[in-house]
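Student: Before anything else, here's the structure in question.
The values are calculated or read from the model by the stated rules, or taken from the named source; none is laboratory data. Bear in mind that the values here come from a model prediction, so they are computed numbers and not experimental data. Backbone-built Cβ (ideal geometry, glycine too); neighbour counts: all protein chains shown.
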Amino acid sequence: MNDDAQRRFSGTRPVPPQHAFDVARLAGFLRERIAGFDGEMRVEQFRGGQSNPTFLLSAGGRRYVLRRKPPGALLPSAHAVEREFRVISALAATDVPVARAHVLCEDAGVIGSAFYVMDFVDGRICWDPTLPDLTPDERAAHYDELNRVIAALHRVDPAAIGLADYGRPGHYIARQVARWTRQYRASETERIEAADRLIDWLPEHIPAEGETRIVHGDYRLDNVIFHPRQPRILAVLDWELSTLGDPRVDFAYHCLTWRLPAGGARGLAGIDIGALGIADETAYLRRYLERVGSRRQVAEADWTYYLVFNMFRLVGILQGVAARALQGNASSALAVETGRRTRPLAEQAWALAQTIAH
């Protein structure tokens, strides 16, 4: 695709000084642990990604991807590359497409922070949700595939693949509200009244608990790799926020695309999605519920709460990006610009919260 987001986020660039590490030491470490890893190693950094710096490694005619924790002071429980490695290793035996995981290193002495290495998956990452280079039928197929894969994830029994202890049982939304309130406060760069109101409102209006499944936490169009020519997902990326929780909350986060503005937020709000061949939010949710075999519909008030919570959660994420940008160690050159979305998103979330009748 040739849209602006695609140009800015796709491909690789030279490793900037703040993310540089000892390449020879890393190569020696990997040679001892990955079969067939040999020859001179070349390192580049992917342009996309705001949280965990991600690198392309080339050696011996093969390509790999390294994800590491960023340098500098980090928020508690953030940038959990160890958990990413565990979950993609476990999901390899399921219908959820993931890259093959090779090695996890928790010794910061190798490159300065914990990291893991997985296979490079050759395909397409689409940054513009309007998929401008595709036909309406092709767009419909790509979105249906997104729907199919998240439903496949939410059908997985965590205990069956060794992930029964991947998250704490019960009170998922309450714990998430508390967590993202802490994250927001820890990286607060300015006072945002709408965020303060949400912090008071969210704990008071939590819906009844749903079932427990593996939740991705950041499932969206640009966190999957599509086949080079087919509407088929080859790998789901960026499992940093995954845990055990309510799958409907996870799906609502995915559906924020329909609510966020086009442009910087890479959303679909205000766009004639019918003309593009993209299903509306209601139809998309209905197809998901069919796929997971749910006999229970989602009450409108519950669905709205899930959306409000996920907007607030994204506010917390954006605030963290803004704080890291001020510290000078954010992993994307666009981090400052991304951080500017915090206030309008908080205000949108608070306006939506007030539409729920109680």
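Student: Output yes when any residue across region 179-191 is buried (at least 21 other Cβ atoms within 10 Å of the Cβ) and not in a helix (DSSP H, G or I), and no when none is.
Tutor: Yes, because at least one residue in region 179-191 is buried (at least 21 other Cβ atoms within 10 Å of the Cβ) and not in a helix (DSSP H, G or I).
Student: Among the strands (runs of 3 or more DSSP E) contained in region 197-278, which hold 2 or more residues that are touching a strand residue (DSSP E or B) at 6+ places or on another chain (Cβ under 7 Å) and within 19 Å of THR130 (Cα to Cα)? Before the answer, list the steps.
Tutor: Details: elements: 213-215, 224-226, 233-236, 243-245.
Once the strands (runs of 3 or more DSSP E) in region 197-278 are filtered for at least 2 residues that are touching a strand residue (DSSP E or B) at 6+ places or on another chain (Cβ under 7 Å) and within 19 Å of THR130 (Cα to Cα), what remains is 224-226.
Student: A further question on this structure: For region 136-149, does any single residue satisfy the condition of being assigned to a helix (DSSP H, G or I), farther than 22 Å from ALA59 by Cβ, of a type in the set (A, V, I, L, M, F, W, C) and touching a strand residue (DSSP E or B) at 6+ places or on another chain (Cβ under 9 Å)? Break it down stepwise before answering.
Tutor: To start, the set of residues in region 136-149 that are assigned to a helix (DSSP H, G or I) comprises 136-149.
After this cut, where a residue has to be farther than 22 Å from ALA59 by Cβ as well, the list is 136-149.
Imposing the further condition that a residue be of a type in the set (A, V, I, L, M, F, W, C) reduces the set to 140-141, 146, 149.
When the remaining residues are screened for being touching a strand residue (DSSP E or B) at 6+ places or on another chain (Cβ under 9 Å), the result is 146, 149.
Yes, that holds for at least one residue.
Student: When you check PHE46 against the structure, is it of a type in the set (Phe, Trp, Tyr), at pLDDT below 95 and crowded, with 19+ Cβ neighbours inside 10 Å, yes or no? So that I can check it myself, show each step before the final result.
Tutor: Working: of a type in the set (Phe, Trp, Tyr): yes; at pLDDT below 95: yes; crowded, with 19+ Cβ neighbours inside 10 Å: yes.
So PHE46 passes the test.
Student: Return the residues of region 93-119 that are small (Gly, Ala, Ser), exposed (fewer than 15 other Cβ atoms within 10 Å of the Cβ) and touching a residue at least 40 places away in the same chain (Cβ under 8 Å); say none if nothing qualifies.
Tutor: Going residue by residue through region 93-119, those that are small (Gly, Ala, Ser) are 93, 99, 101, 108-109, 112-114.
Now drop any that are not exposed (fewer than 15 other Cβ atoms within 10 Å of the Cβ), which leaves 93, 108-109.
Within region 93-119, ALA93 is the sole residue that qualifies.
Student: Considering only residues of region 285-294 that are out of contact with any helix residue (DSSP H, G or I) (no Cβ under 6 Å at 6 or more places or on another chain) and in a helix (DSSP H, G or I), which is surrounded by the most Cβ atoms within 10 Å (Cβ to Cβ)? Before you say what the answer is, go through the steps one by one.
Tutor: Here is the first cut: in region 285-294, the ones out of contact with any helix residue (DSSP H, G or I) (no Cβ under 6 Å at 6 or more places or on another chain) are 285-286, 289-290, 293-294.
With in a helix (DSSP H, G or I) added as a condition, the list becomes 285-286, 289-290.
Details: LEU285: 21, ARG286: 14, LEU289: 16, GLU290: 11.
Filtering region 285-294 for residues that are out of contact with any helix residue (DSSP H, G or I) (no Cβ under 6 Å at 6 or more places or on another chain) and in a helix (DSSP H, G or I), the one surrounded by the most Cβ atoms within 10 Å (Cβ to Cβ) comes out as LEU285.
Student: Which count do you get for residues in region 164-177 that are surrounded by 14 or more Cβ atoms within 10 Å (Cβ to Cβ) and either within 17 Å of PHE309 (Cβ to Cβ) or of a type in the set (Val, Ile, Thr) (or both)? It would help to see each step written out before you state the result.
Tutor: Filtering region 164-177 down to residues surrounded by 14 or more Cβ atoms within 10 Å (Cβ to Cβ) leaves 166-167, 172-173, 175-177.
Filter again for either within 17 Å of PHE309 (Cβ to Cβ) or of a type in the set (Val, Ile, Thr) (or both), leaving 167, 172-173, 175-177.
Final tally of qualifying residues: 6.
Student: Exactly one of (1) charged (D, E, K, R); (2) modelled with pLDDT under 95; (3) closer than 20 Å to VAL308 by Cα is unmet by GLU193. Its number?
Tutor: Exception for GLU193: condition (2).
Student: Taking the conditions exactly as written (within 30 Å of PHE120 (Cα to Cα) and surrounded by fewer than 21 Cβ atoms within 10 Å (Cβ to Cβ)), does GLY274 satisfy them or not? First the steps, then the outcome.
Tutor: Values: within 30 Å of PHE120 (Cα to Cα): no; surrounded by fewer than 21 Cβ atoms within 10 Å (Cβ to Cβ): yes.
When the stated conditions are applied, GLY274 does not pass them.
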